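The values are calculated or read from the model by the stated rules, or taken from the named source; none is laboratory data. The structure presented is a predicted model; accordingly, all values stated were derived computationally and were not measured. Here Cβ is always computed from backbone atoms with ideal geometry, including for glycine, and neighbour counts include all displayed protein chains.
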Amino acid sequence: MAYRDDPATQRANLQFIRAAMREPLLEREVEFDYARRWREEGDEKALHNLTRAYTRLVISTAGRFRNYGLPMGDLVQEGNVGLMQAAARFEHSRGIRFSTYASWWIRSAMQDYILRNWSIVRTGTTAAQKSLFFNLRRLRARIDGDMGGRLTQEGREFIAKELRVKLGDVESMETRLGASDQSLNAPLAEEGDGSWQDFLADTRPTPEEVVTGMRDAETRSQWLNDALTELSEREQTIIRQRRLREDGATLEELGKSLGVSKERVRQLEQRALQKLRTHIEDRFDHRAEKPTDLMMEA
């Protein structure tokens, strides 16, 4: 949905644009001197003169992105951030003009802002998706001359080949750009109390399932405690230290504690587990749930 500035904001933006357009352009030697003084000496006045002269470049770039429905003032603000980043990284010794270098940073800052705010769903997270987002409209306009309707299969294949992306990415981006965000609280019709959120499935367990789960957990815990009484004191120690603690002890640690080898601890553990399994199977009366699952959930 397009955003429209209020009249006061529009007037302020217009005044800013007019002031920026009156700033004279810089000669190559002058902009190189400003860039050098800021980069090497931290001269803030030089930075101000450099960025003020190229604010018109920010405004020009922002005008190219107005069709994405975001406030012009915000686009300019983000472009100014990109302009500052360019000034901080510009190396005058390479011989290129600052305007050429800054254009990339300004455009990148605005594109990132658009991708963050165009939809509540993240739209462009990879280079291919970003390329699709900012070029799909241009390419489809070249194909059919308007933005109405969906692309044909041939059109999608053309765009995928042109941008060197997967056909599935083109189809996905076309769907995203063709839809808009909608509040779940929005009514289904002008009259009536129903809203879109009424159709969301509740995946939480029902009260009956919660109670049943609690009772099952208590039963499993009781069965396990009863089974532990069938073990020797040393076997209980091994099971409790190895299986019933969040940070289970290692075979080596238990071996040192009990005065036996790691292999002996492993043998005792296997024997204790078999005893537990047998005891729980008897209690469980050979029903579907496996005794090993009881050990893991207890």
What pairs come up if the first residue lies in the stretch 106-126 and is modelled with pLDDT under 85, the second is part of a loop (DSSP other than H, G, I, E, B), and their beta carbons are under 7 Å apart, counting only those six or more places apart or on different chains?
ILE114/PHE65; ILE114/LEU70; LEU115/THR123; LEU115/GLY124; ASN117/LEU70; SER119/ASP181; ILE120/ASP181
I'm checking my understanding of the structure. Among residues of the stretch 162-179 that are exposed (fewer than 12 other Cβ atoms within 10 Å of the Cβ) and in a helix (DSSP H, G or I), which one is modelled with the lowest pLDDT?
GLY178
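Would you mention how many residues in the stretch 218-231 are free of Cβ contacts under 8 Å to residues at least 12 places away in the same chain and either among the polar types (S, T, N, Q) or under 12 Å from LYS275 (Cβ atoms) (or both)? Spell out how you get there, then give the answer.
Start the filter on the stretch 218-231 by keeping residues that are free of Cβ contacts under 8 Å to residues at least 12 places away in the same chain, which leaves 218-219, 222, 225, 229.
If we keep only those that are either among the polar types (S, T, N, Q) or under 12 Å from LYS275 (Cβ atoms) (or both) as well, we get 219, 222, 225, 229.
Residues in the stretch 218-231 being free of Cβ contacts under 8 Å to residues at least 12 places away in the same chain and either among the polar types (S, T, N, Q) or under 12 Å from LYS275 (Cβ atoms) (or both): 4 in total.
Can you pull out the residues in the stretch 13-31 that are of a type outside the set (Val, Ile, Thr) and in a helix (DSSP H, G or I)?
ASN13, LEU14, GLN15, PHE16, ARG18, ALA19, ALA20, MET21, ARG28, GLU29, GLU31
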State all residues of the stretch 28-71 that are within 22 Å of ARG107 (Cα to Cα) and of a type in the set (Val, Ile, Thr); if no residue qualifies, say none.
THR51, THR55, VAL58, ILE59, THR61
Can you say whether ALA53 is buried (at least 19 other Cβ atoms within 10 Å of the Cβ), of a type in the set (Gly, Ala, Ser), within 19 Å of TRP38 (Cα to Cα) and touching a residue at least 40 places away in the same chain (Cβ under 8 Å), as far as the supplied structure shows?
no
Identity of the residue in the stretch 201-219, surrounded by 12 or more Cβ atoms within 10 Å (Cβ to Cβ) and of a type in the set (Val, Ile, Thr), that ends up farthest from GLN267 (Cα to Cα)
THR212
Just give me the residues in the stretch 72-105 being touching a Gly at 6+ places or on another chain (Cβ under 7 Å) and under 19 Å from GLU23 (Cα atoms), in sequence order.
none
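Given the criteria within 35 Å of the chain's Cα centre (by Cα) and among the hydrophobic types (A, V, I, L, M, F, W, C), does MET72 qualify? Talk me through it step by step, then tell me what you get.
On the way: within 35 Å of the chain's Cα centre (by Cα): yes; among the hydrophobic types (A, V, I, L, M, F, W, C): yes.
Criteria met by MET72.
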All positions within the stretch 220-255 that are surrounded by 13 or more Cβ atoms within 10 Å (Cβ to Cβ) and farther than 20 Å from ARG271 by Cβ
ARG220, SER221
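Considering each of GLN241, GLN270, GLN236 in turn, give the residue that is in a helix (DSSP H, G or I), in the same structural domain as ALA217 (by TED's automatic domain parsing) and at pLDDT 90 or above.
GLN270
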Taking LEU231 as the residue in question, decide whether it is at pLDDT 85 or above and in a helix (DSSP H, G or I).
no
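Name the one entry in ASP293, ASP282, ASP247 that is in the same structural domain as ALA217 (by TED's automatic domain parsing), farther than 26 Å from ARG215 by Cβ and at pLDDT below 85. Step through it out loud before you land on a result.
Values: ASP293 fails: farther than 26 Å from ARG215 by Cβ; ASP282 fails: farther than 26 Å from ARG215 by Cβ.
None of the others qualify; the one that does is ASP247.
Quick grid of which residues meet (1) within 22 Å of PHE16 (Cβ to Cβ); (2) among the small types (Gly, Ala, Ser); (3) assigned to a helix (DSSP H, G or I):
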| site | (1), (2), (3) |
| --- | --- |
| ASP33 | no, no, yes |
| ARG39 | no, no, yes |
| LEU50 | yes, no, yes |
| ARG56 | yes, no, yes |
| SER60 | yes, yes, yes |
| GLY63 | yes, yes, yes |
| LEU70 | yes, no, no |
